[in-house]
Amino acid sequence: MAKLAPRLEKAIAREELPIDTAHVAIPLHPKREQERGFNQAELIALSLGFSAREKILSRIKETPPQARTISRKDRFLHIQGAFAVIERAACAGKDFLLIDDVATTGATITEAARTLKENGARNVYAAVLAH
């Protein structure tokens, strides 16, 4: 990750996102994070210098690992309804940059962005290490 983070950081900088864009690591379900001992998206965000101080999004639905789900349709079905905004007022009119490790079909990013937008987010961007 140490070699990839600077590349991702440069790519994000090139996009010239609004200065007040909040950075949100895609959350894991608490059970999965406890099993794993870390959240890879949060580690990426921290390595980019983004603070994980604000918890905007939570994972409320335990889903099978997307990497083990073969069908595109199943990936979107499994992740549907998986996220919730912790405090709606924290989303209203704000811009967000979602950070994750890998995007295959975009199902996770799409669902997280949908959840933020439904709760008042103005714009949602995404950055991933690999596609």
**Item:** Within the range 70-104, tally of residues that are part of a loop (DSSP other than H, G, I, E, B) and of a type outside the set (S, T, N, Q)
**Value:** 10
**Asked** If only one of I99, I60 is in contact with a strand residue (DSSP E or B) (Cβ under 6 Å, 6 or more places away or on another chain), of a type in the set (A, V, I, L, M, F, W, C) and over 21 Å from R14 (Cβ atoms), which one is it?
**Response** I60
**Message:** Return the residues of the range 19-35 that are surrounded by 12 or more Cβ atoms within 10 Å (Cβ to Cβ) and either in contact (Cβ under 8 Å) with a residue 12 or more places away in the chain or of a type in the set (A, V, I, L, M) (or both); say none if nothing qualifies.
**Reply:** T21, A22, H23, V24, A25, I26, P27, L28, H29, P30, R32
**the range 9-55, residues that are assigned to a helix (DSSP H, G or I) and either β-branched (V, I, T) or in contact with a strand residue (DSSP E or B) (Cβ under 6 Å, 6 or more places away or on another chain) (or both)** = I12, Q40, A41, E42, I44, A45
**Asked** Among the listed residues G81, G106, G120, G93, which satisfies the condition of being at pLDDT 90 or above, in contact with a helix residue (DSSP H, G or I) (Cβ under 7 Å, 6 or more places away or on another chain) and surrounded by fewer than 18 Cβ atoms within 10 Å (Cβ to Cβ)?
**Response** G120
**Item:** Failed item in (1) without any contact (Cβ under 8 Å) to a residue 40 or more places away in the chain; (2) within 20 Å of K10 (Cβ to Cβ); (3) more than 11 Å from the chain's Cα centre (by Cα), with G93 passing the rest
**Value:** (2)
**Asked** Across the range 1-55, what is the number of residues that are closer than 20 Å to V124 by Cβ, among the hydrophobic types (A, V, I, L, M, F, W, C) and under 15 Å from the mean Cα position of the chain (by Cα)?
**Response** 13
**Complete:** Within the range 96-127, residues within 13 Å of the chain's Cα centre (by Cα) and touching a residue at least 60 places away in the same chain (Cβ under 8 Å) come out as F96, L97, L98, I99, D100, D101, T108, I109, A112, L116, Y125, A127
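The values are calculated or read from the model by the stated rules, or taken from the named source; none is laboratory data. Every value quoted in this text rests on a predicted model; they were computed, and no experiment measured them. Positions of Cβ are generated from backbone atoms using ideal geometry, with glycine treated the same way; all protein chains shown enter the neighbour counts.
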